[in-house]
Every structure is written in structure tokens, then in C-alpha cells.
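Heads up: the structure comes next, in C-alpha cells.
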Amino acid sequence: MSNRRITFFIALALFAQESTWNFYDNQVPVLLREHVASAALVGALMGMDNLLGIFIQPWIGNRSDNTRTRWGRRIPYLAVGMPLAALVFVLLPWTTSLATLVVVMFCYALIANTTRPLAESLVPDFLPPQRRSRANAVVKIATALTIIVASLISLLVVDEHPRAAFVIPSVIMLAATFVLLANVRDSRSPAYQAAVAEEASAGPAAVSQPLRQIVSGLFTDQDRRRLLLLLTVLLFGGAWFASRSLITPYGMEALGLSRGDAGGLTLPSGIVYMAAAYPAALLAERFGRLRIIAVGITVFAVALAAGAIVQTATGTVVAFCVASAGAAAFTINAAVALWNLAPSSRVFGAYTGLYAVTWYLGGFGGPALIGGVIDLVGWDGMLLYIAVLALLAMLVVVRLERLQRAHRAKRADTLMESE
């Protein structure tokens with residue numbers, strides 16, 4: 001199967017999954033508000049899916065790594081999980097009490113969290129290392145488009161047909177599952193075949209790798225590159241989520257905007273992100289992923305620092321547009337860099353899950369950290385505080401690049417000696 005063809009199917013699967021996720025984020029808070037008045041409780045219940053993801057995604061990624069069937073190691077789980085998630089999703093607006101709504105929310109989050117890392121793991125399963133950034137860029141663009149899809153469903157359908165609106169993302173999910181199953185068997189993927197061959201050559205010594213062994217290996221291995229990359233993801237994830245989650249109160253407090261105008265500050269930057277995604281992949285293939293990641297973080301930090309100086313609504317919009325281009329350079333290439341550092345194709349799923357967990361932890365810690373600084377010194381410097389957090393990620397990347405150069409030099413010396 002060609003690289004373009006498999007990229008399309010992977011992007012379709014993730015587009016379908018994210019269509020339900022984004023509509024869930026848009027409309028389930030409204031369902032919760034029918035039963036509870038506390039905004040804090042609504043927020044806590046809406047955060048349940050991310051909390052579950054921290055535990056489920058690396059586990060299911062590792063479990064799929066160790067699965068062997070004639071359909072492959074990811075597709076069997078997707079064949080069950082995606083339709084089941086779609087069916088549970090339809091039940092959300094039909095619940096009649098808080099208890100039943102929370103149970104259905106929990107079931108949906110549980111099932112949907114098992115499918116997300118599996119579809120993403122198909123990228124390194126099928127695509128060679130030098131083409132993974134392009135595929136990941138297409139996937140990110142597809143998932144970004146689901147924000148527009150969810151908004152259109154909310155705008156055009158929800159008011160007149162509040163329950164039927166939930167059927168649309170579910171149908172998209174079911175249709176995508178059918179197309180995926182009709183065309184993709186990851187037992188044919190190069191990574192799956194390499195894993196099987198590795199196990200065959202190892203003979204009886206080949207055993208499944210438990211997740212705890214993979215995680216502990218990150219800390220005990222003398223090669224610190226994977227650990228440093230995950231630290232970069234944690235720090236930059238904190239900066240990214242802080243810039244997104246705190247922008248509305250920043251616009252109101254520091255720029256004097258209304259709630260609606262402040263909430264719209266990031267809309268143009270979303271378009272810029274999608275436009276920058278594919279070029280970021282091409283640049284990484286030409287100049288190196290770590291170098292483009294470093295440039296992206298720098299652009300992000302400098303843009304926000306400039307936005308802190310030019311503290312106007314227009315200046316903030318421009319700053320976020322430039323920063324989003326830098327963020328695209330990071331998000332498109334960071335996961336690919338981690339896949340390419342994996343010691344074996346047998347752990348791609350676990351590494352996908354670990355990347356997601358680190359990103360989520362950054363999403364939890366970053367806004368809390370920046371919010372704490374704001375409580376101490378005020379809203380005016382928020383963009384500058386976020387820029388400083390991003391620069392910490394930049395320092396880690398600098399160290400990572402040095403280790404990468406040393407590793408390549410050592411490998412080159414080893415090859416010369418062997419000849």
C-alpha cells in the first residue's frame with residue numbers, strides 16, 4: 001500500500017475519532033448543566049476523559065504492541081472500539097439523571113481512550129522514518145478540521161434537534177470504521193512484520209515487554225535522548241495549553257475585551273496552524289527534526305514575548321498566529337522523533353501512549369503553573385511567562401541535540417571500525 005493511501009486511511013480514522021471528541025467537549029457540558037449548577041464540578045467531570053487517558057493510553061498501546069493476529073495488532077482493537085464508542089456516544093443526550101449521564105460519559109471516555117493511540121500508532125507501523133512527519137502533518141490537519149465540523153453541527157443542528165445532533169459524529173465514526181476495516185490490515189505493515197521477525201530470531205527468549213519495563217528503561221538507559229524528548233514534550237505542552245486555556249481571561253483582564261471578543265483571539269491562529277503543518281514536516285525532512293523542533297519552540301517563545309510588549313488585541317492576534325506556526329513545527333515532529341528513537345518496532349504503541357501522557361501532564365501542569373504566577377504578579381505579563389516556560393523546553397532540546405550529534409558520531413566510528 002502506498003504511503004499516501006495509508007496516510008489517508010489513518011487520517012480518516014483519527015478524523016472520525018476527533019469528531020466525536022470535539023462534539024463531546026462542545027455539548028456535554030450543556031448536558032451536565034441540566035443537572036448541576038457548579039462550574040467546578042462540570043469542569044472536573046469534563047476532565048475525566050483526560051485523567052483516564054493518562055492510565056489507559058500507554059496500557060492499550062503496550063497491549064497492542066504484544067498482540068499478534070492475522071489482522072495485525074491495532075486493527076482488531078479498532079474494529080471493536082470505534083463502533084462501540086460510536087454507539088455509547090449516541091446515548092449521551094438520552095440520559096435522564098446525573099448518575100446515568102456520568103456512567104455513559106465514563107464508558108465513552110474509557111472506550112474512546114483505547115482507540116486514540118492505536119490509530120496514531122499506525123503511522124510508525126506503516127510509514128518509514130523519513131516520511132512520518134508528512135503523514136503526521138496530514139493527520140494533525142484532519143484532526144484540526146474536526147473543530148470546524150463540531151462547530152457546524154452545533155450551529156446548524158443542535159438547537160432544532162439536540163439529540164439527533166449526536167448521531168452525526170457517530171455515523172462519521174461508523175463509516176470511517178467500515179472504510180478502515182475494508183482497506184487496512186496492519187499485519188502487512190513493515191513494523192508488524194519486523195516485530196514478528198525479531199521475535200522469531202530471538203526464539204523462546206522473545207517475550208512480551210510489560211509497560212513498567214519500558215518506562216523504567218527510559219530512566220535506567222544510559223541513552224538519555226528519549227527521556228529528554230519527553231521532558232521537552234512536558235514543558236512545551238505546558239506552555240501550549242497555558243496559552244490556549246488562559247487566553248480568554250487574559251483578553252478580558254489585560255486587553256479590556258469582552259468575553260466573546262477575548263474568546264475569538266485564537267481563531268486566526270488555528271488557520272495558521274493548519275497551513276503551517278505540512279511545510280513543517282517538509283522542513284524537518286530536509287534539515288532534521290530536532291533542529292526544526294528547536295526553531296519552532298524559539299518562534300513560539302519570541303512571538304509571545306513580542307505579544308507581551310505590543311499589548312493590544314491586534315498585536316495578540318498576530319503574536320498567536322506566529323506562535324502557532326512555531327507550535328506546528330513542534331507538534332508535527334515531536335511524536336515522530338520519539339517513534340524514531342524507539343529501540344524496536346515492538347514498542348511503537350507504548351511510546352505513542354507515553355507521548356500522550358506526557359502531553360496531557362503538561363496540559364494539566366502548565367496552566368496551573370502560569371495561573372499561579374499570574375496570581376502573584378498579575379495578568380499583564382502572561383504571554384511573557386509562557387514564553388519563559390517554552391524557553392525551558394528549548395534548553396532541553398539544545399541538550400538533546402548535543403546528545404544526538406554525539407550518538408551519530410559514535411555510530412559512525414563503530415561502522416568505520418567494523419569495516
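The values are calculated or read from the model by the stated rules, or taken from the named source; none is laboratory data. Here the structure is a predicted model, which means the values were calculated and not measured. When we count neighbours, we look across all protein chains shown, and the Cβ atoms used for this are built from the backbone with ideal geometry, even at glycine. Please note that ligands, DNA and RNA were not included when accessible areas were found on the heavy atoms of the full protein model with its side chains. Shrake-Rupley method; radii C 1.70, N 1.55, O 1.52, S 1.80 Å.
Residue-by-condition table, conditions (1) within 21 Å of Leu234 (Cα to Cα); (2) touching a helix residue (DSSP H, G or I) at 6+ places or on another chain (Cβ under 8 Å); (3) open to solvent by 10 Å² or more (accessible area, probe 1.4 Å):
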position: Thr314; (1), (2), (3): no, no, yes
position: Gly326; (1), (2), (3): yes, yes, no
position: Ala334; (1), (2), (3): yes, yes, no
position: Leu338; (1), (2), (3): yes, yes, no
position: Val373; (1), (2), (3): yes, yes, yes
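This table checks each residue for (1) over 20 Å from Ile141 (Cα atoms); (2) free of Cβ contacts under 8 Å to residues at least 60 places away in the same chain; (3) hydroxyl-bearing (Ser, Thr, Tyr).
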residue	(1), (2), (3)
Leu304	yes, no, no
Ala329	no, yes, no
Ala335	no, no, no
Tyr355	no, no, yes
Val373	yes, yes, no
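Selection of segment 103-138 for residues being open to solvent by less than 40 Å² (accessible area, probe 1.4 Å) and either free of Cβ contacts under 8 Å to residues at least 60 places away in the same chain or basic (Lys, Arg) (or both) yields Val104, Ile111, Thr114, Arg116, Arg132. Is one or more of the residues making up segment 382-390 in contact with a helix residue (DSSP H, G or I) (Cβ under 7 Å, 6 or more places away or on another chain), assigned to a helix (DSSP H, G or I) and more than 23 Å from Cys321 (Cα to Cα)? No: zero hits. Scanning segment 357-371 for residues that are open to solvent by 60 Å² or more (accessible area, probe 1.4 Å) and either without any contact (Cβ under 8 Å) to a residue 24 or more places away in the chain or aliphatic (A, V, I, L, M) (or both) yields a total of 3. The condition of being open to solvent by 50 Å² or more (accessible area, probe 1.4 Å) and touching a residue at least 24 places away in the same chain (Cβ under 8 Å) holds for only one of Ser151, Ser201, that being Ser151. Can you say whether Ile6 is surrounded by fewer than 23 Cβ atoms within 10 Å (Cβ to Cβ) and touching a Phe, Trp or Tyr at 6+ places or on another chain (Cβ under 8 Å), as far as the supplied structure shows? Here the answer is yes, as Ile6 does meet what is asked. Checking each residue in segment 276-291 for being open to solvent by 30 Å² or more (accessible area, probe 1.4 Å) and touching a residue at least 12 places away in the same chain (Cβ under 8 Å) picks out Tyr278, Leu282, Leu283, Glu285, Arg289, Arg291.
Hey, does segment 303-323 have a residue that's closer than 30 Å to Arg74 by Cβ and of a type in the set (A, V, I, L, M, F, W, C)? Scanning segment 303-323 turns up no residue that is closer than 30 Å to Arg74 by Cβ and of a type in the set (A, V, I, L, M, F, W, C). Scan segment 154-189 for residues that are small (Gly, Ala, Ser), within 17 Å of Ile75 (Cβ to Cβ) and open to solvent by 40 Å² or more (accessible area, probe 1.4 Å) and the total you get is 2. For segment 253-283, taking the residues that are closer than 15 Å to Ala308 by Cα and of a type in the set (A, V, I, L, M), the one that is nearest to the chain's Cα centre (by Cα) is identified as Leu265.
Residue under question is Met252, and the condition is that it be free of Cβ contacts under 8 Å to residues at least 24 places away in the same chain, over 30 Å from Arg405 (Cβ atoms) and surrounded by 16 or more Cβ atoms within 10 Å (Cβ to Cβ); does it hold?
Spelling it out, Met252 is indeed free of Cβ contacts under 8 Å to residues at least 24 places away in the same chain, over 30 Å from Arg405 (Cβ atoms) and surrounded by 16 or more Cβ atoms within 10 Å (Cβ to Cβ).
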